[in-house]
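The structure under discussion appears below in the form of structure tokens.
The values are calculated or read from the model by the stated rules, or taken from the named source; none is laboratory data. Since this is a predicted model, take the numbers as computed values, not measurements. Glycine also receives a Cβ, built like all others from the backbone with ideal geometry; neighbour counts cover every protein chain displayed. Accessible surface areas use protein heavy atoms only, side chains included; no ligands, DNA or RNA. Shrake-Rupley method; radii C 1.70, N 1.55, O 1.52, S 1.80 Å.
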Amino acid sequence: MDNAFTFFAQQMLNGLTLGGLYALIALGYTMVYGIIQLINFAHGEFFAAGGYMGVILLSYMAGAGYMDTHPWLCIGFSLVLSMLYCAMLAMAVEKVAYKPLRHSSRLSVLLSALGMSIFLQNALMLTQGVYDKAYPGGIFGAPFEIGGVIVNYMQLLILALTAGLLVALNFLVFKTRVGRAMRATAQDKVMSALVGINSNRVISLTFAIGAGLAAAAGIMVGFYYGSVRFEMGFVPGIKAFAAAVLGGIGNITGAMIGGFIIGMVEIMAAAYIPYGGEYKDVCAFIILIAVLYFRPTGIMGENVDDTRV
Amino acid sequence: MAGDTILELKNVAAHYGRIQALKGISLSVREGEVVSIIGANGAGKSTTLMTICGIVRASEGAVHYAGQDITRVNADKLPRMGLCQVPEGRRIFPRLSVAENLDMGAFFRRRKRRIRADMEMVYEYFPRLRERRSQAGGTLSGGEQQMLAIGRALMSRPKVLLLDEPSLGLAPIIVKQIFDIVQTINQEQGVTILLVEQNANLALQASNRGYVLETGKVVMADDAASLLDNPDIRKAYLGE
Ligand SMILES: Nc1ncnc2c1ncn2[C@@H]1O[C@H](COP(=O)(O)OP(=O)(O)O)[C@@H](O)[C@H]1O
Ligand SMILES: [Mg+2]
């Protein structure tokens, strides 16, 4: 009994960690969709690019010995730099691959996004190689135990960072003028131009924020699993997309909730369903299909509490 | 009363794809005036305003505002130049609150205290908006949305205000309120007004001058009083 509870609590902790990462990626899908009604299939690649930028910077700093003297500073520095790098990458992708198609059919833009995804993944493979790249280890010390639940500091860092980013994003979108301009642009582009909002800038900013969050997730995944791989953006990308649809695409709170649900379901399936570990990747897709079938607007879809962009 | 010409269209044409909506419109508005554009549904009134604001691009001709050629200026640059439109159908941001909608009207302004003071002024003009300031714009009634749309435009401290069918779909008592405020804005704040209306009687009574638009062309231009007396106009637009 006691054992069963500790086991469950352990799974909850793991599910929360994974879910937070999905939530961070899902936000990019949902925000971009909210503003220009595009499913940005290249979004998973920003997550991968962030993971790689992280490993490049961290390895360099480890080589120079800074990782031993100032580990937290190094982590913070590479996190911020990777987020900035991916933000710029995403703005460039938008300018090159989406902006010229602003007035074309939605299918053209979607195909352009698919093409971008393939391009970015191959660029990563050609420049960084086909093998896994290891994250520097041993920074976070030994895990500790609370009532039988094994907690490690890295997991705590991931949870804290995820929570911090989610709160910061909510503040930005719902409490600042820039956020108000983003929501106004999502709701009516002609009217937002008539009040003086430059929608191109708002669209750029939206891509930048979404990619920055994905990059943060990429680094955390690198630490969590110990390494990154050029194709790492694909599966988490689709799962996060499922999370965004589950939450109601275009809805920020929805993407967060959707991310946590998918992460939780995946971990629970692996823990409680016989051979679940082998099938856990399927969960997100089953949920995606079920949502599209039974409630295409998602949990926070229209007419529920309005936290759409 | 009227000063220099502040807004001028010279032979402006505009197209939607291959459909020509404006076929060489020329008109001018002087500082301090209320000028109305009347005409039947589909005459090109809204297109004229959207072309002035750079949302629709003029395919021929030129638009001058405050001594500048704004024909190719991007729409989002105009509010800070003092040119502002309340478009047809109000276009309230439905999922922003009333206060947030008003704040968006002052998007390009930076001085918080003055913005706050202007928001107070809008709430004085339209006390209903103050009561509903935290409500989502999309949940307001048609009349309240029109008040909000005008209030949002005032938040930019416009020199010239373009108003597209402010009376559309509103009860007569609300229409009167709105027109009273429009005249107050013109007289007390000196805002120049270009007013588009299908309700010609109402518009001309509130205006100094008027233009009559038919299928993308100006067919008549005169003082508002003369237009109101003109038998052809009375027959065609005033329902006599
Ligand atoms: N977005 C559009 N696409 C195509 N045609 C349009 C569009 N908007 C208006 N039109 C056409 O342009 C003409 C003028 O329309 P409009 O300016 O809206 O007239 P009004 O405001 O006087 O009723 C009409 O024939 C209308 O059908
Ligand atoms: Mg119209």
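Brief remarks follow.
- Scanning the stretch A:169-187 for residues that are crowded, with 18+ Cβ neighbours inside 10 Å and either facing chain B (nearest Cβ under 7 Å) or polar (S, T, N, Q) (or both) turns up A:180, A:181, A:183, A:184, A:185, A:187.
- Qualifying positions in the stretch B:64-82 - open to solvent by 60 Å² or more (accessible area, probe 1.4 Å) and away from every other protein chain (no Cβ under 14 Å): B:67, B:68, B:69, B:72
- Summed over the stretch B:208-220, the residues that are open to solvent by 20 Å² or more (accessible area, probe 1.4 Å) and not in a strand (DSSP E or B) give a count of 2.
- Residue that is small (Gly, Ala, Ser), within 17 Å of the chain's Cα centre (by Cα) and either open to solvent by less than 60 Å² (accessible area, probe 1.4 Å) or at pLDDT 95 or above (or both), where the choices are B:39, B:61: B:39
- Total residues in the stretch B:20-54 satisfying the condition of being more than 10 Å from ligand 1 (Cβ to nearest atom) and closer than 15 Å to residue B:162 by Cα: the figure is 13.
- Among the residues of the stretch B:43-84, those identified as out of contact with any Leu (no Cβ under 6 Å at 6 or more places or on another chain) and among the β-branched types (Val, Ile, Thr) are B:48, B:51, B:52, B:55, B:56, B:70, B:71, B:73.
- Listed by first and then second residue, the pairs linking a residue in the stretch B:54-66 that is without any contact (Cβ under 8 Å) to a residue 24 or more places away in the chain to a residue that is not β-branched (Val, Ile, Thr), with Cβ atoms under 7 Å apart and 6 or more places separating them unless they lie on different chains, are B:55/A:193; B:55/B:75.
- For residue B:35, the stated conditions hold: it is in contact with a Phe, Trp or Tyr (Cβ under 8 Å, 6 or more places away or on another chain) and either away from ligand 2 (no atom under 16 Å from the Cβ) or more than 17 Å from residue B:220 (Cβ to Cβ) (or both).
- Of all residues in the stretch B:98-109, at least one satisfies being away from chain A (no Cβ under 12 Å), out of contact with any Pro (no Cβ under 8 Å at 6 or more places or on another chain) and either at pLDDT 95 or above or surrounded by fewer than 21 Cβ atoms within 10 Å (Cβ to Cβ) (or both).
- Boolean, residue B:85 is without any contact (Cβ under 8 Å) to a residue 40 or more places away in the chain and either of a type outside the set (Val, Ile, Thr) or away from chain A (no Cβ under 14 Å) (or both): no
- Residue count for the stretch A:195-222, restricted to those that are more than 12 Å from the chain's Cα centre (by Cα), away from chain B (no Cβ under 14 Å) and surrounded by 23 or more Cβ atoms within 10 Å (Cβ to Cβ): 3.
- Residue selection: residue A:266 satisfies the criterion of being part of a helix (DSSP H, G or I), in contact (Cβ under 8 Å) with a residue 12 or more places away in the chain and charged (D, E, K, R).
- The set of residues in the stretch A:185-233 that are small (Gly, Ala, Ser) and closer than 29 Å to residue B:150 by Cα comprises A:186, A:192, A:193, A:196, A:199.
- Residue among B:152, B:157, B:128 that alone is buried (at least 23 other Cβ atoms within 10 Å of the Cβ) and more than 16 Å from ligand 2 (Cβ to nearest atom): B:152
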